[in-house]
Amino acid sequence: MKKLVPALLVATLTLCALFNILVFPVAAFADETGTQTVPAIDTTDEAYVFLNDFVTQFPDRSSSISGENELKAVEYLKTKFDEVASQYGLQGYNSEILPYGTSENSVDGYNLEAVITASGNASDSSERIIIGAHYDSIGEGANDNAAGVTALYLTMKKVAENVGSLPCDVVFVAFGGEEMGLVGSSSYVNNMTAMEIGNTLLMINIDSIVSGDNLYVFCENKSTDIANLFLQNGSAVRLTEKPYAVGTYPIDIYGYGYYETVQNTDHTPFRLRGIPTACFFSGTFSANIWDYAESTNKDNNTMNTVGDTLEQLVAKHGNNVLTRINGVASTVADTLLSQQFLSVAQNARSQLMDNNVLFNIMWPKIAVLGAVVVTALFAVLHYRKLQKKSIMSDGGVNNRKIFSTPDAKDIFSFDEGSDKGKDSAEDIFTFKK
């Protein structure tokens, strides 16, 4: 039995890992105790005014329920973006609502694209970055993702105000259909030309940045220069990098070669086309848990529920709501306008995990295959040892073929149908006549 333990241990660990990969567990947390005082929110702040207006006018932005609601929301955003362009007199600015559908004759949702050009002349050959946030929601979706849309809008204002310092074109995209499975962002990438993909230096995604315990930026599952540049410019808000090891699984779901928890948002289709990405989001990764969670306080876990409302955000986080939104907008804009940004962004593709032998996407597959082979080998060898031990033992074993004491029936063939009282020699032996 003792020799069986290593094989069972390896098999159990492998099966547990695969099980956790497939079901993406979220750990259970104990309630936090104590009373926390939240700072009163400044209702005159531009971030609050925009956020409140957006969720009040469009509390239901789910394309699965009403495409008309989604269209009204995206038309509102286009109006707000166009007002920014008009306010700062942007030259070469263009905005467009882009319908998408599962077929040429159907419309399932809408993306909004607004382009601010560095040169004043839009061109497919221009280097660009894309900054996006999904506007669709489950319920009111104040955190997920009206807060992200608000940060997107404020980032656009900061970029427009400093358009003369832009190192490259900037494309702002409000995505629909994220909650339906990254439908809007996938459609957008699929309609990009090869030249546009090649000239996109970076895609920045802003999603659910308020209600989580921590504010993270995530680029690759290893250190990169672009992630470090965001952290250097994140002084306006407490920004940390998502820990690499936690929430990463050696299974290929989307095509990376591995699964990363934060891939369930709109930067993923871009990354799959070889475009470097950065994602801003909130939550918690801890050594005490297996995977991502929104908060260690279960009462704050409202993502993708009807409890994700502005009223609840304000009650639980107060002015910290605006600190996060304004902080992300400032971090993204300041990084983009920094002197180091262009050279770092131009080099970002060389730091993708796909291009580094130590982080090649094949390694997780090899690791899983190796674990399966080792487990199978242990099981086969141990089974054969148990079988041999059983045959050599004194205990009764069914279907024993060797090292057992035969009886007459194992050696001779008897005619059970004979009318004789007992078998004769002719019944046992064959005589030559």
(request) Starting from the Cα of Lys222, step 7 Å along the direction of its Cβ; do the same at Glu161; then give the gap between the two resulting points in nm. (result) 3.9
(message) About the Cα centre, and with charges only on the beta carbon of Lys, Arg (+1) and Asp, Glu (-1), how big is the dipole of the range 180-249? Nearest 20 debye, please.
(response) 80
(message) Give me the percent of accessible area attributable to carbon and sulfur for the range 79-227, probe 1.4 angstrom.
(response) 41
(request) Report the paramagnetic label zone for Asn347: residues of the range 155-182 whose backbone N is under 14 Å from a point 7 Å from Cα along the Cα-to-Cβ axis. (result) none
(request) Report the full-extension gain for the segment Thr193 to Thr43: residue separation times 0.36 nm, less the Cα-Cα distance, to one decimal in nm. (result) 49.7 nm
(request) Using packing as a proxy for protection, rank 258-268, 217-227, 85-95 so that the peptide with the highest average count of other Cβ atoms within 10 Å comes first. (result) 258-268, 217-227, 85-95
(request) Please give, to one decimal in nm, the separation of the simple spin-label points placed at Val380 and Asp354, each 7 Å out from Cα toward the Cβ. (result) 3.6
(message) Rolling a 1.4 Å sphere over the protein heavy atoms, what is the accessible area per residue of the range 124-266, to the nearest Å²?
(response) 28
(request) Based on the mean of other Cβ atoms within 10 Å per residue, sort peptides 139-151, 176-188 so the most packed one is first. (result) 139-151, 176-188
(request) Just grab the label-to-label distance for Lys298 and Gln91, each label 7 Å out from Cα along the Cβ direction, in nm (one decimal). (result) 6.0
(request) Place the peptides 305-312, 109-116, 375-382 in order of packing, highest mean first, counting for every residue the other Cβ atoms within 10 Å and averaging per peptide. (result) 109-116, 305-312, 375-382
(request) Please calculate the 1.4 Å probe accessible area of Phe54, with all protein chains present, and give it to the nearest 10 Å². (result) 0
(message) Please list 3J(HN,Hα) in residue order for the range 160-176, calculated via the Karplus relation 6.51 cos²θ - 1.76 cosθ + 1.60 where θ = phi - 60°; whole Hz, with x for glycine and proline.
(response) 4, 5, 10, 4, x, 9, 5, x, 6, 5, 10, 10, 9, 10, 9, 8, x
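Beyond 25 Å between alpha-carbons counts as too far, so tell me which of Lys78/Lys158; Lys158/Lys316; Lys78/Lys298 fall in that bin. Don't skip to the answer; put the middle values down first.
Details: Lys78/Lys158 17 Å; Lys158/Lys316 28 Å; Lys78/Lys298 36 Å.
Beyond 25 Å between Cα atoms: Lys158/Lys316; Lys78/Lys298.
May I ask you to derive the FRET efficiency for Asn319 and Gln339 from their Cβ-Cβ distance with R0 = 56 Å, giving the value to the nearest 0.05? Intermediate results must be reported in sequence, preceding the final value.
Details: r = 32 Å, r/R0 = 0.57.
It comes out at approximately 0.95.
The values are calculated or read from the model by the stated rules, or taken from the named source; none is laboratory data. Please read these numbers as outputs of a predicted model, since none were measured by experiment. Glycine also receives a Cβ, built like all others from the backbone with ideal geometry; neighbour counts cover every protein chain displayed. Surface accessibility is based on the protein's heavy atoms, side chains included, excluding ligands, DNA and RNA. Shrake-Rupley method; radii C 1.70, N 1.55, O 1.52, S 1.80 Å.
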